[in-house]
1. Here are I106, I79: which of them is part of a loop (DSSP other than H, G, I, E, B), of a type in the set (V, I, T) and farther than 20 Å from P154 by Cα?
2. Could you tell me how many of the residues in region 431-466 are outside any loop (DSSP other than H, G, I, E, B), more than 19 Å from D87 (Cβ to Cβ) and touching a residue at least 60 places away in the same chain (Cβ under 8 Å)?
3. Could you list, in sequence order, all residues of region 112-128 that are closer than 11 Å to V21 by Cβ, small (G, A, S) and touching a helix residue (DSSP H, G or I) at 6+ places or on another chain (Cβ under 8 Å)?
4. If I ask for residues that are surrounded by fewer than 20 Cβ atoms within 10 Å (Cβ to Cβ) and part of a helix (DSSP H, G or I), which ones from region 111-129 would you list?
5. Run I185 past the list (1) part of a helix (DSSP H, G or I); (2) modelled with pLDDT under 95; (3) surrounded by fewer than 16 Cβ atoms within 10 Å (Cβ to Cβ) and report the number of the one that doesn't hold.
6. Cβ-Cβ under 6 Å, sequence separation 6+ or interchain: first residue in region 57-84 and within 22 Å of R104 (Cβ to Cβ), partner surrounded by 14 or more Cβ atoms within 10 Å (Cβ to Cβ) and of a type in the set (K, R). Which pairs?
7. For region 239-279, which positions are among the polar types (S, T, N, Q) and in contact with a helix residue (DSSP H, G or I) (Cβ under 8 Å, 6 or more places away or on another chain)?
8. Report whether or not S150 is small (G, A, S), buried (at least 22 other Cβ atoms within 10 Å of the Cβ), out of contact with any His (no Cβ under 7 Å at 6 or more places or on another chain) and on the phi < 0 side of the Ramachandran plot.
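The values are calculated or read from the model by the stated rules, or taken from the named source; none is laboratory data. These numbers come from a predicted model, not from an experiment. Neighbour counts are summed over all protein chains in view; Cβ atoms, including those assigned to glycine, are modelled from backbone coordinates with ideal geometry.
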Amino acid sequence: MIQQVKETIEEYQLLSEGDKVIVSVSGGPDSLALLHILWRLQDDYNLKLHVFHLDHMFRGEESQKDAEYVAQFANKLSIPATIEEYDIPAYIEETGLSNQAAARKIRYELCTELADSLKADKIAIGQQADDQAETVLMNFLRGAGLDGLSGIEPIRNGIFIRPLLEVWRKDIGDYCKQHELEPRIDSSNLKPVYLRNKVRLELVPYLAEEFNSSIKENLVRMAEIFRVENSFMEKYTAEKYDQLVIESNTQELILDLEGIKDLDLAIQRRIFRQALLDFCGTKRDYYTKHIQQMVELSINGETGNLLQLPQGLRLKRSYNRLKFYWRADKTRKVNNFSERYSIPGKYQVEELGIEINLDIIKFENDLQELLNSSSKLYLDHELIGDQIKVRNRKAGDRFRPLGMKGNKKLKDFFIDEKIPAASRDRIPVFTTMNDEIFAVGDLRIDDKFRVTDQTEKVLVIDITKY
């Protein structure tokens with residue numbers, strides 16, 4: 001198996017001589033085998049390894065034992081380790097994300113922060129061939145395009161590497177037995193609760209038995225075909241996009257319409273996705289229907305036609321040009337301000353064009369439904385007091401995002417959340433009268449001020465635009 005891993009490393013250039021590599025280790029068979037293999041390959045590539053483990057706080061004592069086991073195993077191999085814990089259940093309550101999505105998001109954030117602090121070159125993840133097959137099948141069920149059907153990339157963003165991606169789960173199990181590794185088993189993976197578990201435990205075995213015994217191999221092969229073709233399309237799109245850009249800055253992006261009209265529909269769609277990523281910093285708030293509206297404006301629109309999109313994004317057609325820009329209140333400069341408000345009450349923050357409603361409710365241990373279905377903020381009123389301040393960001397702002405152990409720079413938080421630079425001054429920062437940040441818009445609350453079993457009164461903040 002180690003030879004297969006070396007071939008994958010060489011084929012996709014996953015490692016370079018002297019790389020410092022963070023290995024993300026849960027304690028399960030895949031990540032444990034990955035760590036052991038990279039440990040054996042240390043001399044071949046002159047690697048410097050560092051173990052990262054995150055206790056998601058999902059499974060109480062069981063997850064604590066996972067953390068202890070990973071620390072002991074790393075110590076046995078004489079590899080330094082960083083063990084973190086994060087209150088993912090609390091983060092899920094605040095964001096409404098699924099268990100797996102929330103855990104993955106925080107794990108990647110913390111891993112990236114560790115890589116930055118250690119000046120690491122790569123982050124190794126233990127995803128393998130079965131994961132690839134399951135991912136492709138899941139994406140197919142979701143109606144994904146070429147990107148999704150390409151599955152998991154062997155290397156992403158030049159830093160996240162997956163050396164086990166061409167190794168099957170069964171072979172990893174055999175490797176663990178051969179080398180007397182004793183991986184921890186996450187009991188939640190054995191239950192068909194989440195979509196991935198259902199696909200792995202029920203759908204794939206059913207398809208293999210009833211339709212094609214080589215279903216997993218075929219899915220992996222298909223992903224490789226799509227990955228190569230998608231890579232070509234991305235490179236082609238990037239070349240065309242560069243040719244179409246007339247002007248690009250934080251205030252506006254102007255594209256050549258004549259050039260867009262000459263392109264195939266598939267490339268037109270990709271051009272607009274790239275434009276969103278370039279101008280907005282994210283594609284998160286924009287969907288297939290928005291892309292289609294952009295295409296329609298480009299091909300059939302007339303001079304002066306305007307397209308209004310989420311988050312204040314505007315597209316305007318002018319002769320042979322298409323202009324991306326922000327709604328006026330998104331781009332006008334926001335002067336520094338700080339306003340004091342009493343609780344309860346309803347107030348307009350004129351500088352930001354928002355209205356905030358501050359209310360107090362009694363905590364009766366039945367907020368779960370509200371937390372899952374509402375975009376409002378819920379905080380411990382006693383820790384905040386009867387007055388708050390609302391201001392825009394300041395240099396050096398820090399807070400402790402819900403579930404995290406330590407503080408984080410507000411600037412870094414905005415970058416991780418992919419908030420466009422032009423929008424950051426327009427996000428309200430909520431603080432106590434001592435200027436302690438307890439919430440950043442409706443994006444995240446500070447962990448210190450979360451609702452707990454000890455909370456008696458809950459401060460509810462509802463933010464709306466006017």
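1. On the way: I106 fails: part of a loop (DSSP other than H, G, I, E, B).
Checking each option against the conditions leaves just I79.
2. We begin by selecting, within region 431-466, every residue outside any loop (DSSP other than H, G, I, E, B); these are 431, 437-440, 444-449, 457-465.
Of the ones still in play, those that are also more than 19 Å from D87 (Cβ to Cβ) are 431, 457, 459-465.
So of that shortlist, the ones also touching a residue at least 60 places away in the same chain (Cβ under 8 Å) come out as 457, 459-465.
Within region 431-466, residues that are outside any loop (DSSP other than H, G, I, E, B), more than 19 Å from D87 (Cβ to Cβ) and touching a residue at least 60 places away in the same chain (Cβ under 8 Å) number 8.
3. If the condition is that a residue be closer than 11 Å to V21 by Cβ, small (G, A, S) and touching a helix residue (DSSP H, G or I) at 6+ places or on another chain (Cβ under 8 Å), then A120, A124 are the ones that fit.
4. Correct list: T112, E113, L114, D116, S117, L118.
5. Only one criterion in (1) part of a helix (DSSP H, G or I); (2) modelled with pLDDT under 95; (3) surrounded by fewer than 16 Cβ atoms within 10 Å (Cβ to Cβ) is unmet by I185, namely (1).
6. Matching pairs, first to second residue: D66/R184; Y69/R184.
7. Filtering region 239-279 down to residues among the polar types (S, T, N, Q) leaves 243, 248-251, 268, 274.
Listed by number, the residues that qualify are Q243, S248, T250, Q251, Q268, Q274.
8. Numbers: small (G, A, S): yes; buried (at least 22 other Cβ atoms within 10 Å of the Cβ): yes; out of contact with any His (no Cβ under 7 Å at 6 or more places or on another chain): yes; on the phi < 0 side of the Ramachandran plot: yes.
Taking the combined requirement at face value, the residue satisfies it.
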